[in-house]
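Participant: Pasting a structure here, questions to come.
The values are calculated or read from the model by the stated rules, or taken from the named source; none is laboratory data. What you see is a predicted model, and the numbers here were worked out from it, not measured in a lab. Cβ placement follows ideal geometry from the backbone for every residue including glycine, while neighbour counts extend to all protein chains displayed.
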Amino acid sequence: MIAYVLRRIVFSVIVILVAVSTIFIVVRSLPGNPAQLLLGPDATPAAIARLARQMGLDRGIFVQYGYFLRDVLHLDFGNSSQFGQPALSIVMARVPASLELAGVSMTMVLIVAFVLGPLLAWRPDSRLDQLVSGALMFIQGLPGFWVGVILLLVLVDNLRLLPPGGRSNWESFIMPAITLGFPFACVLARLTRDGFVDVLQSGYVRTARAKGLSEWRVLRKHCLRNMLIPIVTVGGVQLGMLFSGAAIVETIFNWPGIGQSLLNGILNDDYAIVEADIFVFAVGFVAVNFIVDVLYAYIDPRIRLGRS
Amino acid sequence: MAPEAIASDNVLEAHNVHVVVRDRSQRSFLRPREVEILAGVSLNLGRGETLGLLGESGCGKTTLARSLCGLMPIQSGSITFTSSLGRGSQRPPVLAVQMVFQDPFGSLNPRRRIREIIAEGWEINPRLVPRHSWEDRLHSLMRDVGLPAEHLHRFPAALSGGERQRVAIARALAVDPEVVICDEAVSALDASVKAQIIELLAEVQARTGVAYIFISHDTSSVRRLSDRVAVMYLGKIVESGPSSSVFSSPAHPYTMALLAAIPRLRPWRSRAEQRRLVAGEVPSFANPPSGCRYRTRCWMAKEICAQFEPPEVEVGDGHVAACHFATAQQPVPANGDTVAL
Amino acid sequence: MPERAQSKAEDGALLRIDGLSVSVSQQPGMLVLDDVSFTIGRGESVALVGESGSGKSTVALAVLDLLPAPLALSSGTITFAGAPIVRPGHAIPQGVRGKRIGIVFQDPLDALNPTMRVGEQVAETLTEGAGMSSRQARARTVELLAEVGIPQPRDKLRVYPHELSGGQRQRVMIAIALALEPDLLIADEPTTALDVTIQRQVIDLLLRLREARQMAMLFISHDLPLVAEVASRVVVLYGGRVMESGSVRDVYEHPASPYTTGLIAASTSFDEAHLVVGRPIRGSAPSPAEVIPGCRFHPRCERAEEVCVLERPMPRLLPASRFGERHEAACHFAGMPDRKEAHGA
């Protein structure tokens, strides 16, 4: 297990390195002087020159890369051109809001999946199953921004049931969480259903029943763990995506998270914020995946012990 | 595999082949250990003949099949293919050795139609068969393997296991190979279908003169199809020779045990006999027994077996066995008794 | 489930299968099993043979009420120790599975839970079925694993199924099946997935255990020679119907139905230091969906005549059974002299 975890850590670090390098390449590929881009249109030539030296723009590209990595290691992304503060601290201050939204959204997703999944698996391929599975597939395909806007129109404008946006009371979580999570809920519900059906028809469940175990024990001890495997795998990745992919939802609902700050940064040419944001996305996503990988190996011994 | 100018009776020859694999489950932390699977395997396949390779799970037969095909690299030793076509043949040597795999459900691409699956070799090697002949050749191949031409436009999912194996055979034959390696090609099939496929293989050989290496753990299939047979255990060939000789007078204790393990149809007719059981389990490749690899399960093992690897002893015409107690021209006596199994 | 039967059994039969028919639900015409009947006495070893697709595994599942979704019992009864355990519309009573009847399945890798340790899979049978404490169950598990020939059983408790070899996995399955000391063991092709040398070890183990526990056994297989070494009586199944039944000696020496004759000719055996390779029957077994009038074997039968297509043959008792068992065959020509010599092997 230790070897497995260590391997996972090494890979995670490599992925973050690649993400960070991509930031470097992208910013350097933009037209214009990188130092100027970072400081914004209002910067003085002196400030630009100073930053340019700091970034090593007068030196070769590999030196620049070296300086860049050094800065990243010091968590220094420069100051935001919009707010004048260190970009990373601005972004980090927004992380809790995004985490909350991701958390609430994931909870909803899990509830839907664990209710619908077993329900549909009870009588697989029945009329109900086919109807609901089809509906789930359809819903999954709806565009997120469209759903968000429809929800706003109906629930806020017309029915005046929910607050219009921003993060305030518990009711303000509802629409963004739904808009963010509904495609994941559909996928996970179908996956759960398939997982349940597979397990219920498996040879080892048959053996468990043949041993004379009570149906309850069969479900709890034999079905549960094996059903979790595909759910943890996919659910884990989804969680990463919920955290990192909420840019549009946050913007629609004026949610003060890192997604909103990324979009604003792009619109306002605030490259420091953009770099810091992407970095936080990458680290967050990789961290979640790492946890999921470890959890996955814990649940399925075949992964950590290797096939013999 | 290099084609040689000198004509040889053997179409495929393997000399002292060693193959090593990375085994991740052994001692990990970033450096998987290397384990030797084939520990010096030599065999010859004559033109147009069938060599049976008999072995149970964990003996390395699939690894051997892959090496012979060129699908797996070898660490030392040599594998030589001698084409019967002279130099100047257009056909790349790699096509001359084809393989039919065990799993009829896994070896055909489910997203391609049968005609595409069979013709793939021609697509990759356009000089082999001109496009305008494809249709005719496809039809004649389907006839050769006993499938109706309608199946050509179907997908594998529409065919049964036996039918899929026929497609696999057609695919192998499409490029006019000189050797076809059948790696447990009939093991996943029902008894009656198994027999049909074996018959088909025999038919094809009679017609085209192709040579087979028939790998199986099932004694009856090997007996039915093979002219010569080699018995494999833990990465080594322990006995080989003409089928009739090996099966009627086995000289190696493992071969004897393999045969003795087969049940009798009418056990009440012969007196209850002491059947030699094979004791225990197959050792792992990572830790093979010293000297003779079979000694940990052999009822006749003595000191010498642990110290020295057994020599190859000729016990009959072309029939050799690697055992300290095999004597020339005579199968192995068990503790002084004649072999009455 | 009533107490251990003292006197209920009318004629001493431990398991009685009566007119068992299994069909695909929503399709009553598609019979996987068609009026299958036979009995197993206390301590007796009976084999059920047939090609794949004959329905033999379905019989095993039916006995324990484990038929998977589309299959359902359409008629018939199964009685154990005099009391009915399987009837249409009724679930199997408590206390039969595991405790009175144990089962070993064909593929141990499929039959064992891949994410649960082997020791626990054996022990839970004991804690749930015999009310043992975990400590007692663990100790008994070690004993059981030793009994089935697993080396260093204590070390194997925490091992997962995929870490064991095929033979060892099957031994674990046997340990699980026998943990609660059932009166009847069903072995559904227990060695088909194993190499022949390991098969021999496992079969010898089964025979030894059966002897020691005086257990009845229902041995299901397609391998006739294997059956001869394991069972005293045999029931031959084809296309869901019983074609022949009787003592193994009677049936193998004097097969009364052409199908049995064909099966015998198709077997591979090693008799008297001589490897005999079988010649399989032409064609293949019909699927339950195929509607075949009269005798289901007639399309592949060398002796088929008009009556075989018109009328379904019912079991006929053969007068010359020599070994104390009824020898019956469902063939219009059962017991009549052969016109063609069809004895092989």
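Participant: Just to be sure, is C:A91 more than 8 Å from every other protein chain (Cβ to nearest Cβ), under 27 Å from A:M227 (Cα atoms) and surrounded by fewer than 19 Cβ atoms within 10 Å (Cβ to Cβ)?
Facilitator: yes
Participant: Identify, from the list C:L164, C:L180, the residue that is of a type in the set (A, V, I, L, M), surrounded by 20 or more Cβ atoms within 10 Å (Cβ to Cβ) and either in contact (Cβ under 8 Å) with a residue 60 or more places away in the chain or more than 9 Å from chain A (Cβ to nearest Cβ) (or both). So that I can check it myself, show each step before the final result.
Facilitator: Details: C:L164 fails: either in contact (Cβ under 8 Å) with a residue 60 or more places away in the chain or more than 9 Å from chain A (Cβ to nearest Cβ) (or both).
Criteria check complete, one pass: C:L180.
Participant: In the stretch C:192-207, is there at least one residue being in contact with a strand residue (DSSP E or B) (Cβ under 8 Å, 6 or more places away or on another chain) and within 19 Å of C:K56 (Cα to Cα)?
Facilitator: yes
Participant: Could I ask something else about it? Within the stretch A:154-179, count every residue that is in contact with an Asp or Glu (Cβ under 7 Å, 6 or more places away or on another chain) and either free of Cβ contacts under 8 Å to residues at least 12 places away in the same chain or of a type in the set (F, W, Y) (or both).
Facilitator: 1
Participant: Filter the stretch A:1-20 for residues that are within 12 Å of chain B (Cβ to nearest Cβ), aliphatic (A, V, I, L, M) and touching a residue at least 40 places away in the same chain (Cβ under 8 Å) and give the result.
Facilitator: Residues satisfying the conditions are A:M1, A:V5, A:I9.
Participant: Another question, then. Pick from the stretch B:129-166 the residues that are touching a helix residue (DSSP H, G or I) at 6+ places or on another chain (Cβ under 6 Å) and under 25 Å from B:V11 (Cα atoms): which of them is modelled with the lowest pLDDT?
Facilitator: Result: B:V129.
Participant: Residues that are touching a residue at least 60 places away in the same chain (Cβ under 8 Å) and within 12 Å of chain C (Cβ to nearest Cβ): find the strands (runs of 3 or more DSSP E) completely inside the stretch B:183-261 holding 2 or more of those. Reasoning before the result, please.
Facilitator: On the way: elements: B:211-216, B:228-233, B:236-242.
It comes to B:228-233.
Participant: If a residue has to be more than 12 Å from every other protein chain (Cβ to nearest Cβ) and assigned to a strand (DSSP E or B) to count, how many in the stretch C:235-268 make the cut?
Facilitator: Total meeting the criteria: 10.
Participant: Quick one: which of A:L151, A:L188 is in a helix (DSSP H, G or I), crowded, with 18+ Cβ neighbours inside 10 Å and free of Cβ contacts under 8 Å to residues at least 60 places away in the same chain?
Facilitator: Every option except A:L151 fails the conditions.
Participant: Only residues that are among the charged types (D, E, K, R), in contact with an Asp or Glu (Cβ under 8 Å, 6 or more places away or on another chain) and modelled with pLDDT of 90 or more: list them for the stretch B:167-202, please.
Facilitator: Selection gives B:R171 alone.
Participant: Find the residue count for the stretch C:291-332, including only residues that are part of a loop (DSSP other than H, G, I, E, B), out of contact with any strand residue (DSSP E or B) (no Cβ under 9 Å at 6 or more places or on another chain) and at negative phi. Before you say what the answer is, go through the steps one by one.
Facilitator: Filtering the stretch C:291-332 for residues part of a loop (DSSP other than H, G, I, E, B) gives C:291-297, C:301-305, C:311-315, C:318-327, C:330-332.
When the remaining residues are screened for being out of contact with any strand residue (DSSP E or B) (no Cβ under 9 Å at 6 or more places or on another chain), the result is C:292-294, C:301-305, C:311, C:314, C:319-320.
Imposing the further condition that a residue be at negative phi reduces the set to C:292-293, C:301-305, C:311, C:314, C:319-320.
The total comes to 11.
Participant: The conditions are (1) part of a strand (DSSP E or B); (2) in contact (Cβ under 8 Å) with a residue 60 or more places away in the chain, and C:S74 fails exactly one of them. Which is it?
Facilitator: Every listed condition holds for C:S74 apart from (2).
Participant: Shifting gears a bit: Having 1 or more residues that are over 24 Å from the mean Cα position of the chain (by Cα) and within 30 Å of A:V199 (Cβ to Cβ) is the bar; report the helices (runs of 4 or more DSSP H) wholly within the stretch A:3-122 that clear it.
Facilitator: A:87-122
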